[in-house]
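Contents: one structure, followed by commentary.
The values are calculated or read from the model by the stated rules, or taken from the named source; none is laboratory data. Since we're looking at a predicted model, the values are computed, not measured. Glycine gets a Cβ as well: all are built from the backbone with ideal geometry, and neighbour counts include every protein chain shown. Accessible surface is based on the protein model in full, side chains and every heavy atom, while ligands, DNA and RNA are left aside. Shrake-Rupley method; radii C 1.70, N 1.55, O 1.52, S 1.80 Å.
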Amino acid sequence: MRLLLDADDDRAVHAAAYQWADPARGRITADPTPHTTSPAYLALDLLRAMGRDGFSRTGAERMSTDPAWRAVTCWALACSLDQAIVLRAHRLTTERLRRLATWREATGTRLTLIAHTPEPADEQHLLARLNDVGLTDVQTVRGAAAVLDAIGPPATGRRHGPPPDDHAHPLPTVPRSGVAAFRADCWRRQNDVDFTHTDGQYRAGYTAARAWLARTLTSPPPTDETTDGHPAEPTAFTLPETEAARLFLARLTVSSPSPQHTVARVRGAQAGFLSRSILLDVPDDLTTCAGPGLTTVPLTPRTVHTITWRLPNPLRAAALAALLFTGTSRGLLSMTQIESVDHHNATLAIDRDSRINIGQEPGPRHMYAVPPRARPLLHAAVEFRRRSPRTADHHGLFANCFGTEPRLESLIADAGLAIPALVHPHPGDDWHTAARCWRLHTPAPPAPDVLPRLEELRP
């Protein structure tokens with residue numbers, strides 16, 4: 001740990017510390033709130049330095065001391081915070097320094113304290129407090145020039161303000177055709193520009209399905225069983241295969257910008273499955289269903305920025321993100337356990353049947369893909385819950401986030417984002433949870449990895 005002593009209280013030192021900070025690259029500068037000695041305020045100052053400032057709004061939910069410091073620790077771990085500068089260190093109390101020491105030990109953050117000490121006695125008192133809290137490995141730097149050199153050069157390319165607005169090319173209403181006629185119907189009914197965009201989504205689903213099948217599923221041994229000269233009956237996917245197929249569908253559509261994009265991707269995936277002699281059955285009218293790609297919101301940089309800025313509590317930020325990227329009901333999400341999130345924070349598996357029908361045979365879990373930008377939020381939430389007292393892996397991850405109507409209303413008000421699954425709720429299971437797959441036991445037709453174009457057929 002470094003202790004920089006700015007005996008002259010030089011404004012250039014403050015400016016250099018702020019210019020050095022770049023939260024996107026794991027470097028923050030925190031300026032403790034004046035006229036307070038509360039440890040909770042110092043935690044909120046660190047959260048503000050990370051860009052999580054929503055607690056300062058009127059009516060926003062507050063965090064007490066222990067949850068606030070757990071939030072600082074979890075966000076630092078999830079966002080790979082590497083270095084931190086804390087200004088006005090000569091004013092920090094022993095309890096505040098003890099909290100900083102614990103945070104530094106838990107996260108491995110390289111901590112720099114800048115003390116503005118006009119009197120020699122202030123320096124001695126600070127060194128004594130540091131020794132009391134176990135911060136004995138202190139490297140002391142004196143003099144304005146040496147302090148400025150120790151802080152380092154200003155950050156370059158630092159972004160100011162939120163990311164730009166999101167944009168995606170809109171697709172027209174797509175036909176309600178099945179997989180056999182969908183692409184041809186789009187070609188007949190859409191103009192060249194619209195069909196090019198729609199067909200791009202269709203091709204993406206087709207290619208992704210063939211690649212996933214080749215990489216994930218092993219072909220069963222050929223069967224010679226026939227009935228009255230006909231091929232054997234189709235064989236349904238096993239329970240693990242069904243879960244894997246539903247997770248693939250969630251990954252394919254979780255970042256879809258509109259239901260039209262989702263329908264095109266799913267029809268392409270169905271064609272890709274058929275090219276491998278596998279029937280993928282999904283609800284006929286997808287646009288009336290809920291789930292990934294239909295009642296979800298793509299977690300773009302601007303959306304994630306809004307979530308993290310307005311919801312500094314990791315649990316509430318992850319809960320809102322889960323509502324947005326799963327598109328499912330809050331009743332199902334309230335069953336999410338800590339162990340529902342895999343070790344890579346890439347999959348959310350909710351075992352609803354085992355919690356409702358105790359003692360019965362387990363069914364397929366509800367599988368959801370976590371977009372890459374949401375994984376740090378899930379990571380921080382899991383760490384936050386596990387660091388809470390009296391916690392086990394089977395406990396609820398999003399407990400007290402939206403289980404009651406007042407809590408849900410508070411979450412929505414603090415987030416300030418529209419949640420399609422709540423604005424337009426849909427009864428029944430999500431569309432990908434209703435998906436079924438069968439092996440057809442028929443010779444796979446010759447099919448290219450990349451679909452041919454249809455332009456040459458246009459009259």
>> Counting only other residues whose beta carbon sits under 10 Å from that of Arg387, what net charge do I get with K and R as +1, D and E as -1?
In response: +1
>> Compute the helix-to-body angle for 65-78: its Cα long axis versus the longest principal axis of the chain, expressed 0 to 90° and rounded to tens.
In response: 60
> More than 25 Å apart: what percent of Cα pairs in the range 322-425 qualify?
Replying inline: 19
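Before I look further, what does the chain give for accessible area per residue, probe 1.4 Å, in whole square angstrom? Intermediate values should be presented prior to the final figure.
Values: 22110 Å² over 459 residues.
About 48 Å² of surface per residue is accessible.
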>> I'd like the Karplus ³J(HN,Hα) series for the range 160-171: coefficients 6.51, -1.76, 1.60, θ = phi - 60°, whole numbers in Hz, and an x wherever there's a Gly or Pro.
In response: 10, x, x, x, x, 4, 7, 8, 9, 5, x, 9
> Can you give me the relative contact order of the chain as a percent, contacts being Cα pairs under 8 Å and 6 or more apart?
Replying inline: 19
> Which of Val147, Pro120, Gly134 sits closest to the plus end of the dipole of the range 78-194, meaning its Cα is farthest towards the positive end, when Lys and Arg get +1 and Asp and Glu get -1 on the C-beta?
Replying inline: Gly134
>> List the residues, sorted by chain then number, that are 5 or more residues from Asp22 or on another chain and whose placed amide H is less than 5 Å from its amide H.
In response: Arg27, Ile28
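How would Asp430, Asp165, Asp122 rank on accessible area, largest to smallest, probe 1.4 Å?
Details: Asp430 5, Asp165 115, Asp122 50 Å².
Result, largest first: Asp165, Asp122, Asp430.
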>> To test your reading of the geometry: what angle, between 0 and 90 degrees and rounded to tens, separates the Cα axis of helix 11-20 from the longest principal axis of the chain?
In response: 20
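Report the net charge of residues surrounding Ala30, where surrounding means a beta-carbon distance below 10 angstrom and charges are Lys +1, Arg +1, Asp -1, Glu -1.
Working: positive: Arg48, Arg88; negative: Asp31, Asp45.
Summing Lys and Arg as +1 and Asp and Glu as -1 gives 0.
Can you tell me the length gained on complete extension of the stretch Ala150 to Glu119, counting 0.36 nm per residue apart and subtracting the Cα distance?
On the way: separation 31, 0.36 × 31 = 11.16 nm, distance 2.17 nm.
Full extension of this stretch gives 9.0 nm more.
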> Once the principal axes of the Cα atoms of the chain are found, what is the range along each, listed largest first in whole angstroms?
Replying inline: 99, 57, 42
> Helix 94-107 sits at what angle to the longest principal axis of the chain, using alpha carbons and giving 0 to 90 degrees rounded to 10?
Replying inline: 40
